[in-house]
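Everything on this sheet refers to the single structure shown next.
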Amino acid sequence: MSRPMSADLLDGLNTEQLRAVTWPARSALVLAGAGSGKTRVLTTRIAWLLSTGQASPAGVLAVTFTNKAAREMQTRLSAMVPVNVRAMWIGTFHGLCNRFLRIHHRDAGLPATFQILDTQDQQALIKRLLKSLEVSEEKFPPRAVQNFINGNKESGLRADKLSAHDAYTRKLIELYAAYDAQCRREGVCDFAELLLRSFEVLSANAALREHYSERFRYILVDEFQDTNRLQYAWLKLMAGRHANLFAVGDDDQSIYAFRGADVGNMRALLSDFSVAEPVRLEQNYRSMGTILKAANALIERNDGRLGKNLWTDAGDGEPIRLYEAWSDGDEAEFIVEEARTLKREGFDLADMAVLYRSNAQSRALEHALVNAGLPYRIYGGLRFFERQEIKHALAYLRLVANPEDDNALLRVINVPARGIGARTVENLQLASREQGVPLWRAACGAGGGRSAAALGRFVLLVEDLRRKAEGLTLAETVSLVIDHSGLRDMYEADRKEGEERLANLDELINAAAGFMADDPSQALIEFLSAASLEAGDHQAEAGEDAIQLMTVHSAKGLEFGAVFVSGLEEGLFPHENSFNDQKGLEEERRLMYVAITRARQRLYLTCAQSRMLHGQSRYPIRSRFVDEVPAELLRVLSSGRRPAPEREAARAPWLGDGMPVSHARDLAGFAIGQSVSHARFGTGVVVNAEGSGQDARLQINFAEQGLKWLDLRFAKLTPV
DNA sequence: AATTCTGAACTTTTT
DNA sequence: GTTCAGAATT
């Protein structure tokens with residue numbers, strides 16, 4: 001090698017990328033636009049720090065949001081420099097906090113074997129708690145309680161720090177406290193708890209804090225715009241007085257406010273860490289110029305941006321195609337037809353994506369794809385570790401690790417059915433509450449009777465599993481549990497779904513066989529943690545050339561040669577739930593920005609004039625986001641099945657341009673989108689309809705009264 | 001204890 | 001329109 005390694009590393013970086021990679025040992029905020037080489041900058045910086053000797057592997061802390069991103073960083077890094085990956089802390093916030101808490105479980109007041117509750121587990125625990133406290137699920141929906149708890153944890157707030165003026169919130173706080181107490185009793189942590197607990201340990205323990213902030217001289221964060229308040233506070237503690245935080249993010253791609261992400265952290269970082277000015281990566285290596293122009297013009301309408309303009313030297317490329325279908329079915333057929341054409345032109349199906357705002361939209365697309373015989377793949381839905389058979393097997397494994405795990409016990413106490421019914425379980429819970437012991441101990445001490453005999457057999461089964469598992473490898477343990485618990489027999493007897501579930505269970509054994517534990521004596525515990533922290537990819541069918549269907553959210557970070565952004569209608573995208581406030585609308589716009597910037601060469605925007613939603617036809621108007629794309633960048637494609645011109649001329653004027661007459665139903669002179677006035681409710685707009693003629697019911701959005709269904713037989717409406 | 005029935009929900013998602 | 005959970009039924 002004739003040149004120093006660091007020079008090779010830096011080859012091919014543009015000026016701004018180079019500035020970011022070789023940033024001195026102080027904090028930075030890198031505003032990395034879509035397709036600007038963000039991951040490359042991040043990994044190259046770590047490689048550069050290591051190969052120039054500025055940092056040792058043990059001194060690097062790199063945080064991502066997904067396991068996939070963490071893995072990619074590790075893989076790319078080890079391709080760049082010879083590095084001891086084990087010494088570096090590269091992982092997700094949750095993965096790293098788990099690692100931290102395993103090491104310091106004593107300081108954290110956790111058992112060495114603490115288990116991690118995923119979202120499902122957490123919900124189950126909350127439901128159980130509500131029942132035991134005799135709190136009505138009507139008044140306190142488990143989902144709402146869950147959101148309250150997680151929201152507060154993500155803001156760093158414990159129940160005892162909260163206060164309320166109303167009885168309802170006071171009850172929520174009470175439930176929060178009871179929930180935490182229950183988790184403590186069972187030795188389990190939910191996702192937010194991993195963060196909060198390690199934050200608290202660091203805050204309370206100066207020596208520990210000192211140790212870590214001395215150790216991690218270089219902290220790097222990916223997707224910084226997605227951090228919540230607690231994560232930011234955790235990073236600040238880790239950074240300590242060195243305050244050396246290298247954050248990469250894009251405020252224009254912040255689309256996770258609904259789960260606590262706070263874009264404000266980006267501005268906060270600038271002042272908290274005295275960063276004068278962000279480094280802007282604005283050169284885009286992905287999309288053609290027209291696509292970027294559209295994205296820039298759209299996002300410019302948002303307020304309070306840090307500011308950024310994407311550019312490319314790749315040329316303008318093709319115009320953006322706009323297609324206004326007259327129904328969701330027509331939209332889907334258009335997309336399928338177009339995809340076929342693109343395939344003939346040389347695009348791989350796998351290089352095309354159909355994006356939509358909400359999962360429900362996939363149905364019409366799926367239907368059209370099946371009809372056309374085009375292979376496709378839908379992202380979303382259950383992932384590997386979320387499947388019931390996998391969760392059952394894991395519950396048995398948890399009992400092997402710790403029989404006092406109530407969640408696990410309740411999950412499988414009667415799976416497969418072994419004569420322990422709801423009544424028995426109820427009695428067991430009563431006993432455990434009275435004696436203040438975990439369910440397991442109550443079950444061990446259960447007295448005589450028929451149900452006690454069944455309970456006794458279950459206790460024996462678990463004890464037997466525990467005994468037999470000693471000295472076995474992880475894979476053998478998993479295999480033992482599946483066979484001996486009766487799960488295998490149960491699924492073998494299931495004609496309908498058994499086969500697939502058995503295959504998944506075998507896959508679980510494979511996963512265990514391939515699992516590398518840091519500490520082999522803790523293999524089971526580590527495996528269970530990994531299973532909770534990584535639900536598994538939406539694993540792709542390897543090698544199949546299939547068109548990709550996914551929500552805009554799950555498309556973030558991906559790119560495709562051709563992208564269809566579908567369902568561009570008011571109420572859908574932007575979603576109606578975000579109409580209320582400007583913040584919500586701006587997040588929707590960022591979402592659109594993310595959608596647009598996924599495309600390399602071809603971008604299609606599609607919408608429909610009628611759409612089935614919740615089992616009802618809706619007649620939405622085209623999304624404002626379509627109109628925010630400069631018209632000169634668009635080529636409007638006309639519908640292949642446009643109604644004949646003379647009929648088109650007959651359509652009602654208020655239906656807007658292009659509304660096919662066939663959709664203007666007979667609603668006694670009224671139409672969707674029309675303004676009307678009512679003697680009592682004032683003025684409003686017809687937004688939906690059922691039935692026809694004098695029998696029709698109209699849904700009207702009144703300025704004062706909001707949405708109302710009115711029966712045309714009774715309501716006196718006058719057109720405005 | 002298993003099966004069928006009813007009704008409520010229904011935006012986005014990772015850990 | 002569909003799914004999912006919990007209630008009601010057998």
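Here are some notes:
- Here the helices (runs of 4 or more DSSP H) wholly within the stretch A:181-259 that include at least 3 residues being of a type in the set (G, A, S) and either farther than 30 Å from A:E586 by Cα or under 18 Å from the mean Cα position of the chain (by Cα) (or both) are A:191-204, A:206-215.
- Residue match in the stretch A:32-45 (condition: in a loop (DSSP other than H, G, I, E, B), more than 16 Å from DNA strand B (Cβ to nearest atom), out of contact with any strand residue (DSSP E or B) (no Cβ under 6 Å at 6 or more places or on another chain) and farther than 23 Å from A:Q283 by Cα): no
- Scanning the stretch A:608-623 for residues that are within 12 Å of DNA strand C (Cβ to nearest atom) and among the aliphatic types (A, V, I, L, M) gives A:M612, A:L613.
- Selection status of A:N414, within 16 Å of DNA strand C (Cβ to nearest atom) and in a helix (DSSP H, G or I): no
- If only residues of the stretch A:276-300 that are at pLDDT 95 or above, part of a loop (DSSP other than H, G, I, E, B) and not aromatic (F, W, Y) are counted, the one that is surrounded by the fewest Cβ atoms within 10 Å (Cβ to Cβ) is A:E300.
- Qualifying position, being at pLDDT below 95 and more than 16 Å from DNA strand C (Cβ to nearest atom), among A:Y376, A:Y323: A:Y376
- Flag set for A:A339, criterion: buried (at least 17 other Cβ atoms within 10 Å of the Cβ) and either small (G, A, S) or within 15 Å of DNA strand C (Cβ to nearest atom) (or both).
Quick grid of which residues meet (1) charged (D, E, K, R); (2) in contact with a Ser or Thr (Cβ under 8 Å, 6 or more places away or on another chain):
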site: A:D226; (1), (2): yes, yes
site: A:R229; (1), (2): yes, yes
site: A:M238; (1), (2): no, yes
site: A:D252; (1), (2): yes, no
site: A:I255; (1), (2): no, no
site: A:D272; (1), (2): yes, no
site: A:P278; (1), (2): no, no
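- In the stretch A:106-117, the condition of being closer than 19 Å to A:R185 by Cβ, of a type in the set (F, W, Y) and either in contact with a Leu (Cβ under 7 Å, 6 or more places away or on another chain) or buried (at least 19 other Cβ atoms within 10 Å of the Cβ) (or both) is met by at least one residue.
- Within the stretch A:64-117, helices (runs of 4 or more DSSP H) holding 1 or more residues that are within 14 Å of DNA strand B (Cβ to nearest atom): A:67-80, A:93-103
- Single residue of the stretch A:453-470 satisfying the filter (surrounded by 14 or more Cβ atoms within 10 Å (Cβ to Cβ) and among the small types (G, A, S)) that is nearest to the chain's Cα centre (by Cα): A:A469
- Near pairs, Cβ below 8 angstrom, 6+ apart or cross-chain, from the stretch A:396-421 (free of Cβ contacts under 8 Å to residues at least 12 places away in the same chain and at negative phi) to any residue that is within 16 Å of DNA strand B (Cβ to nearest atom) and part of a helix (DSSP H, G or I): A:N414/A:V425
- Failed condition for A:E154, given (1) more than 16 Å from DNA strand B (Cβ to nearest atom); (2) in contact with a helix residue (DSSP H, G or I) (Cβ under 6 Å, 6 or more places away or on another chain); (3) among the charged types (D, E, K, R): (1)
Quick grid of which residues meet (1) among the hydrophobic types (A, V, I, L, M, F, W, C); (2) modelled with pLDDT of 95 or more; (3) in contact with a Cys (Cβ under 8 Å, 6 or more places away or on another chain):
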| residue | (1), (2), (3) |
| --- | --- |
| A:G307 | no, no, no |
| A:T312 | no, yes, no |
| A:S327 | no, no, no |
| A:F334 | yes, yes, no |
| A:A339 | yes, yes, no |
| A:L342 | yes, yes, no |
| A:M352 | yes, yes, no |
| A:Y356 | no, yes, no |
| A:N371 | no, no, no |
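The values are calculated or read from the model by the stated rules, or taken from the named source; none is laboratory data. These numbers come from a predicted model, not from an experiment. Quick reminder, even Gly has a Cβ in these numbers, built from the backbone with ideal geometry, and neighbours come from all protein chains shown.
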